[in-house]
Amino acid sequence: MVQQRTADRDGTQQKANHTPWLEWVASGIGLLLTLGIFGSIGWQAFDDAGAPPAIAVDVTRVVPVEGGYRVEFRARNSTGSTASQVEIEGKLAGDGAEAEIGHVVFDYIPGHSERKGGMFFTREPRQESLALRALGFADP
Amino acid sequence: MTEDNQPVETNELYAVGLARAFGGAVIFGIPLMMTMEMWSLGFSIDRLRLLLFIGVNLLVLIGLSYFAGFEKTFSWREDVMDALAAFGVGVITSAAILALFAVIALDMTWTEIIGKVALQSVPASIGAMLGRKQLGAEQDTGAEDERKREAGYAGELFPMLAGALFLAFNMAPTEEMILIAFQMTPWHGIALGVVSIALLHIFVYVLGFSGQETPPEGGTFMRTFLHFTLAGYGIALLVSLYVLWTFGRTEDTALAQVAMMTVVLAFPAALGAATARLVI
């Protein structure tokens, strides 16, 4: 009986100090993720988040489609801060004819990120006659 | 043999707790994961404010682990480990579900992905903590009450803070918060403040939900009202202002507008403060 009680007490003691290895694994992964997120956000904070957006637009592809041509492009924000309501205008100048205008609005282009889009024109766009540019942005 | 009602923490039990944590993270996190504004806030929010917010979240998780814990033995190590595990569960759940919704994808820059996941992991990790603690059967309510008693007044206020933060955070990202503030007159604002305080008091002391607080002994209505209800509303206001600031809503905005937005957001925050006391 006395022995039994001693054994029990030892068991309780072990119980109190025992942490399952799974708990170590779970909190270890948690710690890694926490440090990773703190580290990367902190790095961004001190990197270049202060500079206002600068957006460049490149044409990636021109594909003939029914009723005209599809011009695919990407708009790239080369700074660290986000631009919202970015308006992209495409202008296709004709030989003597009236210019065709295309409009696209991106809700957001995050810092150091790009967004893809497309415009439709009826005439075949050629390099020298097609100009795409970002018209402006708003701070989010 | 002596009867011991404290379950031994085995790997199996911990695994079940972990599964419940994932369940809680999904349930508590899903409303914000399907909120459009949260995605853009993920990359447009000020980085230092985001860092501070995640730090505050970790402190709240540690507090929740302490107050809602099921183990009697309080140790900092246990609570910190629980908080880290809950945060990890929140991050993994957010990343998985956002990827499922195509909100994050591999062709995005890692700054965008991390911003989105980090912000979503706040509600998800609170859900993970509550899921693990509250959805489980082996909760030791005796230890919980004991802790609240030991912590005294702070033990009364902390759950209100956690609840207010959670609900305020759930509402604050939406455009509607600002819109509501813009279309309200000052009289609406005052009325909303009064209603918030009344509901906070009624929810905690009058309606008789399970876990209702009994007014402190010998306390008159006035004393309870001042010490707990008004203190709770004060917490709701501060938390609302803090969340608005974190989301950049206070930038270049007139003081009167900021006050109105704070009162609007303090309405759900007060409800959160009132009900959190019942949940935790």
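Miscellaneous remarks
- At least 3 residues being at pLDDT 90 or above and touching a His at 6+ places or on another chain (Cβ under 9 Å) is the threshold, and among the helices (runs of 4 or more DSSP H) wholly inside the stretch B:7-76 not one reaches it.
- Unique residue being of a type outside the set (D, E), closer than 19 Å to B:P173 by Cα, facing chain A (nearest Cβ under 8 Å) and touching a residue at least 12 places away in the same chain (Cβ under 8 Å) when the list is B:A85, B:A118, B:A124: B:A118
- Scanning the stretch B:257-271 for residues that are free of Cβ contacts under 8 Å to residues at least 60 places away in the same chain and surrounded by fewer than 21 Cβ atoms within 10 Å (Cβ to Cβ) turns up just one, B:V258.
- Any hit, the stretch B:42-57, residues being surrounded by fewer than 16 Cβ atoms within 10 Å (Cβ to Cβ) and over 16 Å from the mean Cα position of the chain (by Cα): yes
- Output for the stretch A:88-140, where each listed residue is surrounded by 17 or more Cβ atoms within 10 Å (Cβ to Cβ) and either without any contact (Cβ under 8 Å) to a residue 12 or more places away in the chain or not in a strand (DSSP E or B) (or both): A:P110, A:G111, A:H112, A:S113, A:P125, A:P140
- Residue match in the stretch A:46-68 (condition: over 30 Å from B:D82 (Cβ atoms), at pLDDT below 90, assigned to a helix (DSSP H, G or I) and more than 8 Å from chain B (Cβ to nearest Cβ)): yes
- Close contacts from the stretch B:220-232, counting a first residue that is closer than 13 Å to B:A274 by Cα and a second that is of a type in the set (D, E, K, R) and part of a helix (DSSP H, G or I), with Cβ to Cβ under 7 Å and a gap of 6+ residues or different chains, come to B:F228/B:E156.
- Single match in A:A54, A:A75, A:A134 (criterion: closer than 23 Å to B:G42 by Cβ and over 16 Å from the mean Cα position of the chain (by Cα)): A:A134
- Candidate set from the stretch A:52-85 (those that are among the polar types (S, T, N, Q) and surrounded by 14 or more Cβ atoms within 10 Å (Cβ to Cβ)); member that is farthest from B:M108 (Cα to Cα): A:Q85
- Test: residue in the stretch B:189-196 that is more than 28 Å from B:G29 (Cα to Cα), in a helix (DSSP H, G or I) and at pLDDT below 80: no
The values are calculated or read from the model by the stated rules, or taken from the named source; none is laboratory data. Since we're looking at a predicted model, the values are computed, not measured. Reconstructed Cβ throughout: ideal geometry from the backbone, glycine too, with neighbour counts over all protein chains shown.
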